[in-house]
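Here is the structure we will look at, set down as structure tokens.
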Amino acid sequence: MELAVGSTNPVKVDAVERTLERYEPTVTAVAVDSGVSEQPRSIEETVRGAENRARRALAATDADYGVGLEGGVARLEGVPGLSLIMWGAVTDGDRTERGGGPTLRLPDTVA
């Protein structure tokens, strides 16, 4: 299995490698533009960034799948302040699947 990760961030690449290690994938880091602001500020923008990274990484390679990981901040209903959010997307060129990761409230001094 060949995967293209839409980032050269070693933390993101390592997360993909460790998550799928039992499948012994070949993982290639690809520098792509997320197409969103440097700090996404909503769930929608963060998901769009992950999708864009996945699609663009796949398009730039001969991989079987493109993977995009994006972090952002958002105001969540029922939660005071800003929360750090994480989203991922995977595509084979026909289908794109998405999933949310950990979410945690940022301290007011950080937000």
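The values are calculated or read from the model by the stated rules, or taken from the named source; none is laboratory data. None of the values given here were measured: they were computed from a predicted structure. Cβ coordinates were reconstructed from backbone atoms using ideal geometry, including for glycine residues, and neighbour counts include every protein chain displayed. When the accessible area is computed, the model is the full protein with side chains, heavy atoms only, and any ligands, DNA or RNA have been set aside. Shrake-Rupley method; radii C 1.70, N 1.55, O 1.52, S 1.80 Å.
Data table
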| item | result |
| --- | --- |
| In the range 15-67, the residues that are over 14 Å from ARG98 (Cβ atoms), among the hydroxyl-bearing types (Ser, Thr, Tyr) and in contact (Cβ under 8 Å) with a residue 40 or more places away in the chain | THR61 |
| Qualifying positions in the range 50-75 - among the β-branched types (Val, Ile, Thr) and more than 11 Å from GLY6 (Cα to Cα) | VAL73 |
| Every residue from the range 60-111 that is over 22 Å from THR8 (Cβ atoms), of a type in the set (Gly, Ala, Ser) and either touching a helix residue (DSSP H, G or I) at 6+ places or on another chain (Cβ under 7 Å) or not in a strand (DSSP E or B) (or both) | ALA74, GLY78, GLY81, ALA111 |
| Single match in THR109, THR103 (criterion: touching a residue at least 12 places away in the same chain (Cβ under 8 Å), of a type in the set (Val, Ile, Thr) and either in contact with a Cys (Cβ under 9 Å, 6 or more places away or on another chain) or open to solvent by 60 Å² or more (accessible area, probe 1.4 Å) (or both)) | THR103 |
| Residue identified as hydrophobic (A, V, I, L, M, F, W, C), farther than 22 Å from ALA29 by Cα and either surrounded by 14 or more Cβ atoms within 10 Å (Cβ to Cβ) or touching a Ser or Thr at 6+ places or on another chain (Cβ under 9 Å) (or both) among ALA54, ALA74, ALA59 | ALA74 |
| Among residues of the range 3-16, those that are assigned to a helix (DSSP H, G or I) and polar (S, T, N, Q), counted | 0 |
| Flag for ALA57 being assigned to a helix (DSSP H, G or I), modelled with pLDDT of 95 or more and under 18 Å from PRO10 (Cα atoms) | yes |
| Exclusive hit being open to solvent by 30 Å² or more (accessible area, probe 1.4 Å), closer than 18 Å to ASP92 by Cβ and modelled with pLDDT of 95 or more, set LEU3, LEU69 | LEU69 |
| Filtered residues of the range 37-51 (kept if of a type in the set (D, E, K, R) and closer than 28 Å to GLU24 by Cβ) | GLU51 |
| Residues (surrounded by 15 or more Cβ atoms within 10 Å (Cβ to Cβ), more than 11 Å from the chain's Cα centre (by Cα) and in a loop (DSSP other than H, G, I, E, B)) located in the range 17-40 | LEU20, PRO25, VAL30, VAL32, VAL36, PRO40 |
| Boolean, ASP14 is open to solvent by 30 Å² or more (accessible area, probe 1.4 Å), touching a Leu at 6+ places or on another chain (Cβ under 8 Å) and of a type outside the set (A, V, I, L, M, F, W, C) | no |
